[in-house]
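The values are calculated or read from the model by the stated rules, or taken from the named source; none is laboratory data. Being a predicted model, the structure only gives us computed values, none of them experimental. Positions of Cβ are generated from backbone atoms using ideal geometry, with glycine treated the same way; all protein chains shown enter the neighbour counts. We work out accessible area using only protein heavy atoms, side chains counted, and drop any ligands, DNA or RNA first. Shrake-Rupley method; radii C 1.70, N 1.55, O 1.52, S 1.80 Å.
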Amino acid sequence: MSKTPGAPTLKLVHGASIPLVGLGTWPMSNEEAETAVVQAVEAGYRLFDTAYAYGNEEGVGRGLRASGLPREELFVTTKLNGEWHGYDAVQESFADSAARLGVEYVDLYLIHWPLPRQDRYVDAFKGLAKLLEDGRIRALGVSNFKPAHLDRLLAETGVVPDVNQIQLNPGLTRDAARAYHAEHGIATQSWGPIGQGGELLQDPVIVKIAEQHGRTPAQVVLRWHIELGLITVPKSADPERMRANIDIFGFALTPDEVAAISALDQGEAAAADSDRVGH
């Protein structure tokens, strides 16, 4: 791993280096995203995660340009929606997303959901592979894919995704998915990394560990992701919370603390079922 201004980076299978912590932008408006991106750059963020479905690619792009940083210092992720699951449709959708973002290339392009009922995600992934070959993206990946979906991608394309972004937090540790990713060289990225509704941050196990380290519960949970080798994209539009979310590299959790936090897992049934949901 190497250092960037705010977070270490992980080298992906196709050669790009991705920061371990980035800014998630769902469900920000264009205006909120523009402001948040500028503030996040000031806090040290270099990874920014958006999607067609978020409706804020233009705002993210405006924020990136307003930050004043050279394009090569920024890592931009966006995602393909289900209506463009097709080899040719991917090229069109990508061009539209790049135009909204105001960039010539995207660092990481993900298929947002597998949508197996459509049975077109393999064709979509072949479209992503073409974008990678043409240098229009630096890394390709998927989101919310199960090992069975990944098996099919690997068997039918021979191309390894750089990243699978999945719902993952201490209440949903996704052990089987993480093991599959590790076996095949796929980086695991967590969405919803601190859970929803704030319940996880009030858990006595996490609160106690946070007190022992003089950190917030959110920082402890995000550090847990780092200890497991995960990439994470917490969402916040609050500058102080943004700074806290990336300030997690000055302390470490013990193996026992990691195990205690992992023991909060509620099982795979707590995850959104990507065989049935998605867009």
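Mind checking the per residue accessible area of the chain for me, 1.4 Å probe, whole number of Å²?
On the way: 11530 Å² over 279 residues.
Dividing the accessible area of the chain by its residue count gives 41 Å².
Could you work out the relative contact order of the chain, using alpha carbon pairs under 8 angstrom and six or more residues apart, expressed as a whole percent?
20
Could you give me the ³J(HN,Hα) list for region 189-202, computed from phi with Karplus coefficients 6.51, -1.76, 1.60 and θ = phi - 60°, whole Hz, x at Gly and Pro?
Each residue of region 189-202 in turn: 10, 9, 9, x, x, 10, x, 10, x, x, 4, 4, 6, 9 Hz.
Roughly how many debye, to the nearest 20, is the charge dipole of the chain about its Cα centre, given +1 on each Lys and Arg Cβ, -1 on each Asp and Glu Cβ, and no other charges? Walk me through the intermediate numbers first.
Details: 25 positive and 37 negative charges, 63 e Å.
Charge dipole of the chain: 300 debye, to the nearest 20.
Output the peptides 201-210, 214-223 sorted from most to least packed, where packing is the average of other Cβ atoms within 10 Å over each peptide's residues.
214-223, 201-210
Using +1 on the beta carbon of Lys and Arg, -1 on that of Asp and Glu, and nothing else charged, what's the dipole of region 37-194 about the Cα centre, debye to 20?
Roughly 280 debye for region 37-194.
Compare HIS149, HIS213, HIS279 by solvent-accessible area with a 1.4 Å probe and give them largest first, with all protein chains kept in place.
Working: HIS149 10, HIS213 60, HIS279 85 Å².
Sorted by accessible area, descending: HIS279, HIS213, HIS149.
What number, rounded to the nearest 500 deg cm²/dmol, is the helix-based mean residue ellipticity at 222 nm of the chain, given -39500 (n - 2.57) per DSSP H run of at least four residues and division by all its residues?
Values: 10 runs with 111 residues, N = 279.
After summing the helix terms and dividing by residue count, I get -12000 deg cm²/dmol.
Quick check: pseudo-label points 7 Å beyond the Cα along Cα→Cβ at GLU31 and ASP119, how many nm apart are they?
Inter-label distance under the simple model: 4.6 nm.
How many percent of DSSP beta bridges within region 118-203 run antiparallel, rounded to 5?
If I count the DSSP bridges inside region 118-203, around 10 percent turn out antiparallel.
For the pair LEU201 and GLU83, how long in nm is the line joining their label points, each one 7 Å along Cα→Cβ?
According to this spin-label approximation, the distance is 3.5 nm.
Residue farthest toward the positive end of the dipole of region 214-265, with Cβ of Lys/Arg at +1 and Asp/Glu at -1: which of LEU222, ALA259, ALA244?
Most positive-ward Cα: ALA244.
Any idea what log10 I(q)/I(0) is at q = 0.18, 0.22, 0.23, 0.24 Å⁻¹ for region 68-180, Debye with uniform C-alpha scatterers and no solvent?
-0.88, -1.21, -1.29, -1.36
For the full complex of protein chains and a 1.4 angstrom probe, list LYS79, LYS235, LYS11 by accessible area with the highest value first.
Correct descending sequence by accessible area is LYS11, LYS235, LYS79.
Any chance you could run the full-extension gain for ALA182 through GLU72? It's 0.36 nm times the residue separation minus the Cα-Cα distance, nm to one decimal.
This chain segment gains 36.8 nm when fully extended.
Which residue, PRO234, PRO147, PRO70, has the most motion in a Gaussian network model of the chain that connects Cα atoms within less than 10 Å?
In this elastic network of the chain, the residue with the biggest mean-square fluctuation among PRO234, PRO147, PRO70 is PRO70.
Please give the contour-minus-distance gain from HIS14 to ASP175: 0.36 nm per residue of separation, less the Cα-Cα distance, rounded to one decimal in nm. Display every interim value, and only then the final one.
On the way: separation 161, 0.36 × 161 = 57.96 nm, distance 2.42 nm.
The span from HIS14 to ASP175 would gain 55.5 nm if fully extended.
Kirkwood hydrodynamic radius, computed over distinct alpha-carbon pairs, for the chain: how many Å, to one decimal?
With all distinct Cα pairs of the chain included, I get 18.8 Å.
With a 1.4 Å probe and every protein chain kept in, tell me what percent of the accessible surface of the chain is carbon plus sulfur.
Of the solvent-accessible surface of the chain, carbon and sulfur hold 48 percent.
According to a simple spin-label model (label point 7 Å from Cα along Cα-to-Cβ), what is the distance in nm between ASP256 and ARG152?
Each label point lies 7 Å from its Cα, and together they span 4.6 nm.
Nothing charged except the Cβ atoms of Lys and Arg (+1) and of Asp and Glu (-1): what's the magnitude of the dipole of region 116-246 about its Cα centre? Round to the nearest 20 debye.
The dipole of region 116-246 has a size of about 200 debye.
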